[in-house]
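Have a look at the structure below before the remarks.
The values are calculated or read from the model by the stated rules, or taken from the named source; none is laboratory data. Since this is a predicted model, take the numbers as computed values, not measurements. Cβ sites come from the backbone with ideal geometry, for glycine too, and all protein chains shown count toward neighbours.
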Amino acid sequence: MNLALLSDEDFTGENRVRLTGRRLKHLKTVLRASEGRRIPVGRENGLMGEGEVLSLTDTHAELQIILDQNPPAPLPLTLILAMPRPKMLRRVLQTCAALGVKDIWLINSYKVEKSFWQTPWLQEEHLRENLTLGLEQAKDTVMPKVHIRKLFKPFVEDELPGLLAGTRALVAHPGRAEPCPVHLREPAALCIGPEGGFTDYEVGKLEEAGCTSVHLGPRILRVETAVPVLVSRLFDACG
Ligand code: SAM
């Protein structure tokens, strides 16, 4: 937690917040904070700044805060991801939030196991929890939006062309002739397949909707690795 992300419920006054639970534990056990210590804070979907610890008890910490800095710029990227297995979903969501991806579409694909859609990690509170961890890691406040589409064909035929409009639209697919572009200076949309990859039919439909298929070299990467590799290749995200 390199920044404590504050929601409306944390505010006890205009410039006062009360932290409990995970963030209190982190303050005490990882940061070993005491009264007078200043820590980075940010208001969800708002400004970032600093909070001074006024008091620290077993149940809560009181902070006086000043919010005066903008969060980092978002990535101009729409990420369309075949639903990963639940354990991986959590890590991928955290990574996306940390990298500055703000628009995430979780879609079905032939090789996505049906049971993946039953995971509690897709519930609103859990999506928020994992996205918050990513934002706090990277020091950002802007909560990404996650859209869930459990039917591939209607999504690709009816919604995807609109999402791709005005973007450099790509589908990452091993073995294709064209390498993934680098250093984009324009908005992009990127489709990433499931553990077993998109089928030829699915790649055909994504291409029909406007995507160009690109490869990342001969090494086949896990989804959780492919996401940061592709994003930093496209946008110099770590630059
Ligand atoms: N056996 C699958 C295949 O050949 O498509 C591997 C799928 S890979 C584990 C999961 C997803 O990550 C792929 O669908 C693709 O979107 C992306 N990916 C991983 N490595 C890649 C590479 N070398 N080139 C392009 N995309 C890659």
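Residues checked against (1) over 29 Å from residue 119 (Cβ atoms); (2) in contact with a Phe, Trp or Tyr (Cβ under 8 Å, 6 or more places away or on another chain):
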{"site": "154", "(1), (2)": "no, no"}
{"site": "176", "(1), (2)": "yes, no"}
{"site": "185", "(1), (2)": "yes, no"}
{"site": "202", "(1), (2)": "no, yes"}
{"site": "206", "(1), (2)": "no, yes"}
Problem - segment 4-39, residues that are in contact with a helix residue (DSSP H, G or I) (Cβ under 8 Å, 6 or more places away or on another chain), without any contact (Cβ under 8 Å) to a residue 60 or more places away in the chain and not in a loop (DSSP other than H, G, I, E, B) - result: 17, 18, 19, 39
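So that you can scan it fast, the table gives a plain yes or no per residue for (1) touching a Ser or Thr at 6+ places or on another chain (Cβ under 8 Å); (2) under 30 Å from residue 192 (Cβ atoms); (3) surrounded by 14 or more Cβ atoms within 10 Å (Cβ to Cβ):
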position	(1), (2), (3)
8	no, no, no
19	no, no, yes
33	no, no, yes
69	no, no, yes
87	no, yes, no
92	no, yes, yes
103	yes, yes, yes
106	no, yes, yes
Completion exercise
When residue 136 is run through (1) within 15 Å of the ligand (Cβ to nearest atom); (2) crowded, with 20+ Cβ neighbours inside 10 Å, the failure sits at (1)
Completion exercise
Turns out the strands (runs of 3 or more DSSP E) fully within segment 40-137 with at least 1 residues that are closer than 25 Å to residue 18 by Cβ are 48-56, 61-69
Fill in the blank from the handout: Over segment 183-206, the set of residues among the hydrophobic types (A, V, I, L, M, F, W, C), more than 10 Å from the ligand (Cβ to nearest atom) and either outside the structural domain of residue 156 (by TED's automatic domain parsing) or surrounded by fewer than 22 Cβ atoms within 10 Å (Cβ to Cβ) (or both) is 184, 188
Problem - Residue within segment 220-233 that is within 11 Å of the ligand (Cβ to nearest atom), assigned to a loop (DSSP other than H, G, I, E, B) and crowded, with 17+ Cβ neighbours inside 10 Å present - result: no
